[in-house]
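A.B. asks: Here it is, the structure, as C-alpha cells.
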Amino acid sequence: MAQFDLLTHVAGSTLVVQAEYLLLLGMSLGSWAAMFWKIRQYGRAGRQIRRDLTVFRRAARLPEAVQAVGRDRDSPSLAVVREAVHEYKQLEKLEASPGEVARIILENVRWGLRDEQAAQIARLAVSLNFLAMCASAAPLLGLFGTVWGIFHSFQGFAELNPGTLQIVGKGLAEALGTTIAGMLVAIPAAIGHNMLLGWLADLDAALGDLGTRFLFLLRQELGVPHKEEDAAGLARSGHPGQPGPPPGKPRRLFFRLPGVGRRDAPTDDDLPT
C-alpha cells in the first residue's frame, strides 16, 4: 500500500478542492481559537459570579453585600449589581406614598436586573454563532468536495485506458479527502458549541440567582413582604429569610453614584471603597 502524503494530495488536487481545503483549515483554526477563548472567558466569569453569590448569600443587609462585590471590570455580576443600584438611585427621591415608592423601586430594579442579565449573557454569547456556523457548514463543504471529486472522476470514464484510471482514482481521493476534512472541522465545533451553550445556561441561571438575592435583601430594607417565588428561589440556594424593617420611607442604602447609563462599563468609583 502506497504511503499517503497529505501535502502531495492537496497540491495535486484541483483548484476548487484546494480552495475548499484552505477554507476548511481557516474554519478549523477559527473554531478552535473561539473555543479556547470562550473556555477562558466562561471560567473567569463563573469564578466572579460564584464569589459574588457567596457574598450575597452571607450578607445580612444589602449595603454590606454591595460593598463586598468584586471589582473586576469585566465581571457580569458587578454589571448586574451596578445596574440595580443605578435603578434604585434613579427613584430614591420619588415623591409618593412609602408603599407606592417601594413598589415602583422594586419593579424598576427587577426589570433593570433582567435587562442587564440579558445584556451580559448576550456579551458572553459572542462567537457561539461562529461555532454553530462551522458545525453546520463544514459537512456541507465536505459534501460539495465529494460531489466535485466524483464529478471529476466520472470525466475519466469518457475514455477507458490505463491513463484514465489514474484520473478516476485521483478524483475519488479528492472526494474522500474533503469529506474527512469537513468532518474534522464540524465534529469539534459541534461538541464545543453544545458544551459552551450548557455552560452559558449555567452562568445565566447564576446571574438570575444573584438578582433574586438582590431583590430579597432590597425587600428587607424597604420593609416589603417577600414574594413566594423569591422565597422559593432562596430556599433552594440555602439563603435564610430574615424579617425586614417596618414599612416606611425607603432608606438611603448606597453612597452617591455618578450618573451612568445602563450599558456603560463599570468603574471602580461606582462601588464603595
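Where a number appears in this text, it was derived from the coordinates with a stated rule and is not lab data. All of these numbers come straight from a predicted model, not from anything done at the bench. Backbone-built Cβ (ideal geometry, glycine too); neighbour counts: all protein chains shown.
A.B. asks: Regarding the stretch 90-105, can at least one residue be identified that is part of a helix (DSSP H, G or I), without any contact (Cβ under 8 Å) to a residue 12 or more places away in the chain and among the hydrophobic types (A, V, I, L, M, F, W, C)?
C.D. replies: Looking through the stretch 90-105, none of the residues is part of a helix (DSSP H, G or I), without any contact (Cβ under 8 Å) to a residue 12 or more places away in the chain and among the hydrophobic types (A, V, I, L, M, F, W, C).
A.B. asks: Out of all the residues in the stretch 114-143, which are of a type in the set (A, V, I, L, M) and out of contact with any helix residue (DSSP H, G or I) (no Cβ under 8 Å at 6 or more places or on another chain)?
C.D. replies: Those that are of a type in the set (A, V, I, L, M) and out of contact with any helix residue (DSSP H, G or I) (no Cβ under 8 Å at 6 or more places or on another chain): 118, 122, 126, 133.
A.B. asks: In the stretch 49-84, what residues are under 15 Å from residue 113 (Cα atoms), within 24 Å of the chain's Cα centre (by Cα) and among the β-branched types (Val, Ile, Thr)?
C.D. replies: 49, 80, 81
A.B. asks: Which of the residues that make up the stretch 15-49 are of a type in the set (S, T, N, Q) and surrounded by fewer than 16 Cβ atoms within 10 Å (Cβ to Cβ)?
C.D. replies: Hit for the stretch 15-49 is 18, nothing else.
A.B. asks: Still on this structure, I have one more. Find all pairs meeting these conditions: Cβ atoms under 9 angstrom apart; at least six residues apart or on different chains; first residue within the stretch 193-204 and on the phi > 0 side of the Ramachandran plot; second residue part of a helix (DSSP H, G or I) and not aromatic (Phe, Trp, Tyr).
C.D. replies: From the stretch 193-204, no pairs qualify.
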